[in-house]
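Since the structure comes first, as structure tokens, the remarks are kept for the end.
The values are calculated or read from the model by the stated rules, or taken from the named source; none is laboratory data. None of these values were measured; they are calculated from a predicted model. Here the Cβ positions follow ideal geometry from the backbone for every residue, glycine too, while neighbour counts run over all protein chains shown.
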Amino acid sequence: MNHRLAITAVLLGAAAVGACSAQPEAVPPQVASVRTSDTSPPVSGRQAQERPRFRIDMTDDEQKALYDPYRKCMSEHGIAVRDPTVPKPPKDKLDAAAKACDPLLPLPAWENDINNPEAFDFNRRVVSCLRAKGVKFVEVDKNEESGMVGPSFGGPQNDQDSIDKGLKFTSKCEQEVAAGGYK
């Protein structure tokens, strides 16, 4: 028995020495940036291209906060976001605001992103969870325009009970599936 313990200790020691002598991780190259007259810090390389992304475990307040920079940008370009009392702006003004502000528009959660090859399967499992919770009319929907994959409620008859329950339980089901449920 002591012989096995000694061999195990030698193997663990060799593994530790190997881990300590491993090559350090490569440091990403630094990108030069030029400061302009505005007071914000310079944005470089990857940071300039990354859009914020929702997570399936976000609270309503966190989701709202993720949209705030986009809403602020649109407002600065004279566009009222989600205000039905303001008339629709001219197309050229709307296009200019969209060009400037769309990089701030949050992307869907990766689990619901149409570009994720596993999103359909994830949402198929979410639909199974929803059905187990009593949502009668629900199916997986891929929406090219929004770039999202997710459950669609109500069916052709627009069943209100399915819509209500689906909205109530979707977040819980997404979290259950993310934790490994509903294979």
Residue ID - modelled with the lowest pLDDT, chosen from residues in the stretch 104-145 that are farther than 21 Å from THR59 by Cα and polar (S, T, N, Q): ASN143
Which residues, counting only those in the stretch 104-147, are crowded, with 20+ Cβ neighbours inside 10 Å and assigned to a strand (DSSP E or B)? VAL138
Test: residue in the stretch 119-135 that is of a type in the set (A, V, I, L, M), more than 19 Å from PHE54 (Cβ to Cβ) and touching a Leu at 6+ places or on another chain (Cβ under 9 Å): no
Keeping to the stretch 127-166, report how many residues are aliphatic (A, V, I, L, M) and within 18 Å of the chain's Cα centre (by Cα). 3
